[in-house]
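The values are calculated or read from the model by the stated rules, or taken from the named source; none is laboratory data. Being a predicted model, the structure only gives us computed values, none of them experimental. Neighbour counts are summed over all protein chains in view; Cβ atoms, including those assigned to glycine, are modelled from backbone coordinates with ideal geometry. Note: accessible area is taken over every heavy atom of the protein model, side chains too, but ligands, DNA and RNA are not part of it. Shrake-Rupley method; radii C 1.70, N 1.55, O 1.52, S 1.80 Å.
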Amino acid sequence: RRDLQDMEAAGLLRRVRGGAQALGGRPTQLTEPPFDYNATLNRETKRAIARKAVELCGERDSIIIDGGTTTFAMTEFLVQTKVEVLTNSIPIADFLMRHGENRVTLPGGEIFREQQLILSPFDNDLTHRFFASKLFMGAQALTQHGLMQSDPLLIRAEQKLIDQAEKLVVLVDSSKFQGRGSLILCPLSRIDIVVTDDGISDTAAALLRDAGVEVMTVPRWQNRSAA
């Protein structure tokens, strides 16, 4: 940490949450924290949320799983199912390829190493040929404005995924209701189900239900935010 502070003071890099970013990097670089960093946060709560989400999957379902550490936690419980999965996440695809019998499809695009995502700059890519009964997605935050993200590249890629799914299922721990994002991915009215933990406030739960969103909760794990 001291080395990063010294290098930032010398103008060699810019510190970001979870690490550092080279100055003068490509404009296509994502601003999201690295996957490995996010994976250490609220790990057991994410597993409980993911387990509940997998219960929504029927046999032979076609589903889309957006990249993220909460959605990645679904892979452990998908091993015993037989579903068809489209995902832009390298860790999700790798795990499902090595475990179970689920059919896995990856879209074409550029690999973003730190977030371990594949994002396509093209509108007419493989995503438009895959229709899913459900899309499972995380979020930077959930507010009265809707599902929030902070990176324009993610917004563009995730909007394409939303268009290809009958139902949108959002997986977030209760801390995301206090978070903020600078960009609106979709309004609350587009979300069908939110799976979260029982730390969600009554105000946040009422906000979702008033927008027609089904709220499913799991017990929150205490004092297990990192490993």
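Applying a threshold of 7 Å to beta carbon distances and a minimum spacing of six or more residues, or different chains, the list of pairs starting in the range 125-144 at a residue that is within 19 Å of Ser201 (Cα to Cα) and ending at one that is of a type in the set (Phe, Trp, Tyr) and open to solvent by 20 Å² or more (accessible area, probe 1.4 Å) reads Leu142/Phe177. Scanning the range 108-129 for residues being farther than 17 Å from Phe72 by Cβ and crowded, with 17+ Cβ neighbours inside 10 Å gives a total of 3. One residue alone among Leu208, Leu168 is more than 15 Å from Gln144 (Cα to Cα), open to solvent by less than 20 Å² (accessible area, probe 1.4 Å) and either modelled with pLDDT of 95 or more or not in a loop (DSSP other than H, G, I, E, B) (or both), and that residue is Leu168. Restricting the range 211-227 to residues that are among the small types (Gly, Ala, Ser) and closer than 22 Å to Thr69 by Cβ leaves a set whose member that is modelled with the lowest pLDDT is Ala227.
Tell me, yes or no, whether the range 70-84 has at least one residue that is surrounded by 13 or more Cβ atoms within 10 Å (Cβ to Cβ), among the aliphatic types (A, V, I, L, M) and farther than 20 Å from Val194 by Cα. Checked against the condition, which is being surrounded by 13 or more Cβ atoms within 10 Å (Cβ to Cβ), among the aliphatic types (A, V, I, L, M) and farther than 20 Å from Val194 by Cα, the range 70-84 yields at least one hit.
Within the range 148-165, the set of residues being of a type in the set (Val, Ile, Thr) and at pLDDT 95 or above comprises Ile162 only.
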